[in-house]
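Some notes on the structure that comes next.
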Amino acid sequence: MPILEGRRIVKDFPGKRSRLFERNRTFRALDDVSLFLEEGTTLGIVGESGSGKSTLGEILGDLQRPSSGIVLYEGRDIRSLDRDDWKDFRKNVQFIFQNPKESMNPFFTIRKVLFEPMSVMLGLRDEEEMTERSLHMLERVGLSSEVLSKYPSELSGGQCQRIAIARALLLSPRVVICDEAVASLDVSVEAQILNLLKKIQMEDGTSYIFISHDIGVIRYMSDSVMVLLKGHVVESGPVDKVIFDPREEYTRRLVLGEENN
């Protein structure tokens, strides 16, 4: 059974009214998208800007609701989960976003950034225990204890991305949705972050949804890949099969870097 699955996902957004007496038109961001993620694997989602990648990721992680279709976690519709089961889903499906500083409260020290999810999701109150967990995770992501007293604005982009990874992993999630998680980093830091994520997957069996416009990143990280174009699935399958023997012209252009990202 897949750990996470989307079935026939549709997402409409209200559009602008073209004439005074006409009804608002809708913009369809996703149209009949289905996918599944096996435990301990990585599904890459690739496409040009505006293809619906981030919207799909947010629906899979329940940050947005689909207009139709369902998301299943361990075979259960997440909309049917009771409060306790939904909290378990929320703990086990975490996000790493493109700009980590924007996902952190700028008035929180890194200590508070890391403590908050443990307090809210795990119910921890013992400061010594939370400090010990934080230090262990900081060590795993290659950061020293000194960052705990700093604010996000005092850290580099690479350091903040490591903090974002640490914050997500403190809850021991089963799935992490990485939305352009290395897009804003320079090449050397990008490689470090990707290797770190793969190492964590090998050690913990974490599953990833990896969203990117960069076909090289997708190939390096993913077991399987789904190609999106204007909200439609163009093709999907094992990553090397799709990249080295694409069926569709759009996928070939992505591989060759001819699409505007």
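The values are calculated or read from the model by the stated rules, or taken from the named source; none is laboratory data. Since this is a predicted model, take the numbers as computed values, not measurements. A quick note on method: Cβ atoms are made from the backbone with ideal geometry, for glycine too, and the neighbour counts reach across all protein chains shown. Surface accessibility is based on the protein's heavy atoms, side chains included, excluding ligands, DNA and RNA. Shrake-Rupley method; radii C 1.70, N 1.55, O 1.52, S 1.80 Å.
Taken over segment 171-261, the percentage of Cα pairs per 5 Å bin, counting from 0 up to the bin with the maximum distance, is 3, 12, 23, 24, 19, 12, 6, 1, 0.
The amide H of residue 45, built 1.01 Å from its N in the peptide plane, has 210, 211, 212, 226 as neighbours under 5 Å, considering only residues 5 or more places off or on other chains. Semi-axes of the equivalent ellipsoid for segment 191-240, computed as √(5λ) from the eigenvalues of its C-alpha gyration tensor and ordered from largest down, come to 22, 12, 9 Å.
Take 113-126, 200-213, 73-86 and order them by the average number of nearby Cβ atoms within 10 Å per residue, most first; the result is 200-213, 113-126, 73-86. With contacts taken as Cα pairs under 8 Å and at least 6 residues apart, the chain reaches a relative contact order of 27 percent. With 10 Å bins beginning at zero, the pair-distance distribution over Cα atoms of segment 110-261 amounts to 10, 35, 30, 17, 8, 1 %.
Across segment 29-111, Cα-Cα pairs more than 15 Å apart make up 66 percent of the total.
One compactness figure for segment 107-196 is 1.06, namely its Cα radius of gyration divided by 2.2 N^0.38 Å. Under a Cβ-Cβ cut-off of 13 Å, what is the net charge of the residues other than residue 135 that fall near it, where Lys and Arg count +1 and Asp and Glu count -1? Around residue 135, the surrounding residues sum to -3. Near residue 207, the amide H atoms lying under 5 Å from its own belong to 40, 175, 176; only residues 5 or more places off or on other chains count, and H is placed 1.01 Å from N.
Summary value for segment 49-151: 21 percent relative contact order, contacts being C-alpha pairs under 8 angstrom separated by 6+ residues.
Legend: residue pairs 11/101; 199/241; 101/150; 11/230, Cα-Cα distance threshold 22 Å; pairs beyond threshold, 11/101; 199/241. Secondary structure note: in the chain, about 55% of the DSSP beta bridges are antiparallel. Computed over segment 94-155, the percent of Cα pairs more than 17 Å apart is 42.
Here is the P(r) of the chain: all C-alpha pair distances, binned every 5 Å from 0, give 1, 6, 13, 16, 18, 16, 13, 9, 5, 2, 1, 0, 0 in whole percents. Remark: accessible surface ordering of 141, 189 (largest first) is 189, 141, probe radius 1.4 Å. Solvent-accessible area of residue 13, all protein chains in place: 70 Å² (probe radius 1.4 Å, heavy atoms, ligands and nucleic acids excluded). Taking the DSSP bridge list for segment 177-261 and keeping only pairs wholly inside it, about 65 percent are antiparallel.
Each Cα pair under 8 Å and six or more residues apart adds its sequence gap; the mean of these over the residue count of segment 190-261 is a relative contact order of 19 percent.
Here the ratio of the Cα radius of gyration of segment 210-261 to 2.2 N^0.38 Å is 0.99. Per residue, segment 122-182 exposes 44 Å² of solvent-accessible protein surface, assessed with a 1.4 angstrom probe and all protein chains in place. Based on DSSP H runs of at least 4 residues, each adding -39500 (n - 2.57), what is the mean residue ellipticity at 222 nm of the chain after dividing by all its residues, to the nearest 500 deg cm²/dmol? Taken over the chain, the calculation gives -11000 deg cm²/dmol.
Counting protein heavy atoms only, the chain has 48 percent of its accessible area on carbon and sulfur, 1.4 angstrom probe.
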